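Enquirer: Okay, here's the structure, questions in a sec.
Every number in this text was worked out from the coordinates using simple rules, so none of it is lab data. None of the values given here were measured: they were computed from a predicted structure. Cβ sites come from the backbone with ideal geometry, for glycine too, and all protein chains shown count toward neighbours.
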Amino acid sequence: MTKALSNPQLVVALDVPHTSVALTLARTLAGTAPWCKVGMEMFTHAGPALLEELAGLGYKIFLDLKFYDIPHTVAQAVKVAAGIGVDMLTLHCQGGERMCRAAREAVSSLPGKKPLLFGVTVLTSFAPGEMPGVSESPADFALTLAKGAQMWGLDGVVCSGHEASGIKASCPGLMCLCPGIRPPGSAVDDQRRTMTPAHAVAAGADYLVVGRPIIAAHDPRAAAEQILADMTSAVAGI
Ligand code: C5P
């Protein structure tokens with residue numbers, strides 16, 4: 001199992017509808033965030049070719065397709081993603097033990113570079129009481145899923161910054177990747193369980209995923225640099 005990072009890393013979510021927009025943003029931001037995240041919108045539009053271009057700009061690639069299917073299908077998809085060179089990918093913890101273990105075995109069976117596997121716990125857009133059939137609070141359910149993810153061999157989980165400290169305390173060595181990050185004063189959008197970059201770092205987040213506060217900013221590079229500065233100050237304060 002991979003150990004937690006001593007320095008949290010910024011991941012920019014390239015949630016835009018066209019390849020040209022994604023590449024313009026990626027070039028603008030090159031040298032700031034080390035990671036970029038390609039999700040279902042952009043990957044459906046652009047496919048693997050975009051990932052190669054982004055890697056060529058020096059980014060590590062996080063493919064966020066949140067796999068959730070029968071174990072065999074997920075294992076095969078994970079192998080294909082690894083084959084196109086992604087550095088990190090997501091699957092839903094709610095896919096359960098057999099699906100997550102199948103993904104882990106698929107990665108272990110590959111030669112060469114192996115992508116990190118992150119399990120999605122509870123989407124940060126869920127408010128308490130909104131998850132169909134789940135009576136646990138989002139935080140409790142996320143912790144339950146994180147414990148499973150660790151037992152089933154995943155490298156980390158995707159969770160709200162509000163859940164990171166509890167997960168880090170209960171699951172030592174499991175990494176936390178936190179979306180729903182909002183710099184002080186910025187719009188919450190559709191997110192419900194948000195946290196500032198500094199608070200997420202203080203809570204133990206290993207990766208901070210930021211989309212709209214950077215990509216929709218008037219000056220995306222300045223927005224990314226401000227978030228990086230907030231992260232650095234927060235690390236110094238830990
Ligand atoms: O624009 P914003 O910063 O809200 O973008 C957050 C990104 O993180 C989006 O790409 C979203 O799909 C992703 N994400 C999330 N909550 C999760 C998992 C992923 O917001 N639990």
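Enquirer: Please state the shape class of segment 124-192: rounded when a/c is under 1.5, otherwise prolate if a/b exceeds b/c and oblate if not, all from the C-alpha gyration tensor.
Expert: oblate
Enquirer: So, with +1 on the Cβ of K and R and -1 on the Cβ of D and E, and no other charges, what is the size of the charge dipole of the chain about its Cα centre, to the nearest 20 debye? Walk me through the intermediate numbers first.
Expert: Working: 18 positive and 20 negative charges, 93 e Å.
Taking the Cα centre of the chain as origin, the dipole is about 440 debye.
Enquirer: Is there a quick way to get the dipole size of segment 1-110? I mean about its Cα centre, with the Cβ of Lys and Arg at +1 and of Asp and Glu at -1; what is the value in debye to the nearest 20? Provide the component values of the computation, followed by the final result.
Expert: Values: 9 positive and 9 negative charges, 58 e Å.
Dipole of segment 1-110, to the nearest 20 debye: 280 debye.
Enquirer: So, one more: Fewest Cβ neighbours within 10 Å first, please rank Ile215, Ile181 accordingly.
Expert: The order, fewest Cβ neighbours first, is Ile215, Ile181.
Enquirer: Across segment 87-94, in residue order, what do the Karplus-derived ³J(HN,Hα) couplings come to in whole Hz, using 6.51 cos²θ - 1.76 cosθ + 1.60 with θ = phi - 60° and x for Gly and Pro?
Expert: Calculated HN-Hα couplings, in order: 9, 7, 8, 10, 9, 7, 4, 5 Hz.
Enquirer: Here's a follow-up. Which of the trypsin sites (Lys or Arg not before Pro) found in segment 17-78 are loop residues per DSSP with 12 or fewer other Cβ atoms within 10 Å of their Cβ?
Expert: Working: sites: Arg27, Lys37, Lys60, Lys66; in loops: none.
Here no trypsin sites (Lys or Arg not before Pro) fit, given the DSSP loop and packing criteria.
Enquirer: Moving on to the next point. Quote the FRET efficiency, to the nearest 0.05, computed for His45 versus Asn7 with a Förster distance R0 of 45 Å and r equal to the Cβ-Cβ distance. It would help to have the intermediate numbers written out before the result.
Expert: Numbers: r = 32 Å, r/R0 = 0.72.
Plugging the Cβ-Cβ distance into 1/(1 + (r/R0)^6) gives 0.90.
Enquirer: Tabulate in residue order the Karplus-calculated ³J(HN,Hα) for segment 216-229, using 6.51 cos²θ - 1.76 cosθ + 1.60 with θ = phi - 60°, rounded to whole Hz; enter x for Gly and Pro.
Expert: 9, 6, 4, 10, x, 5, 5, 5, 5, 5, 5, 5, 4, 5
Enquirer: Hey, what did the chain get for relative contact order, percent, Cα under 8 Å, at least 6 apart?
Expert: Numbers: 483 pairs, mean separation 50.2, N = 238.
Here the relative contact order equals 21 percent.
Enquirer: Pick from Lys168, Lys113, Lys147 the residue whose mean-square fluctuation is largest in a GNM of the chain, springs joining Cα atoms under 10 Å.
Expert: Maximum fluctuation in the GNM of the chain, among the listed residues, is at Lys113.
Enquirer: Let me ask you something else. For segment 18-50 and segment 74-90, what is the separation of their Cα centres, given in Å?
Expert: 17
Enquirer: Report, by chain and number, residues whose modeled amide H sits under 5 Å from the one on Met88, excluding near sequence neighbours (fewer than 5 apart, same chain).
Expert: Residues meeting the amide H criterion: Ile61, Leu63, Leu116.
Enquirer: Here is a follow-up. Between Ala203, Ala216, Ala13, which gets the highest mean-square fluctuation from a Gaussian network model of the chain, Cα cutoff 10 Å?
Expert: Answer for the Gaussian network model of the chain: Ala216.
Enquirer: Rank the residues Cys100, Cys171 as a footprinting-exposure proxy: fewest other Cβ atoms within 10 Å of their Cβ go first. Spell out each step's value before the answer.
Expert: Working: Cys100 26, Cys171 20.
In increasing order of surrounding Cβ atoms, one gets Cys171, Cys100.
Enquirer: Please name whichever of Gly56, Ala106, Val74 sits farthest to the positive end of the charge dipole of the chain, dipole taken about the Cα centre and charges placed at Cβ: Lys and Arg +1, Asp and Glu -1.
Expert: Final value for the positive-end residue is Ala106.
Enquirer: Given the convex hull of the Cα atoms of the chain, what is a quarter of its surface area in nm²? Write down the numbers at each step before the final one.
Expert: Numbers: hull surface 48.3 nm².
Dividing the Cα hull surface by four gives the mean projection, 12.1 nm².
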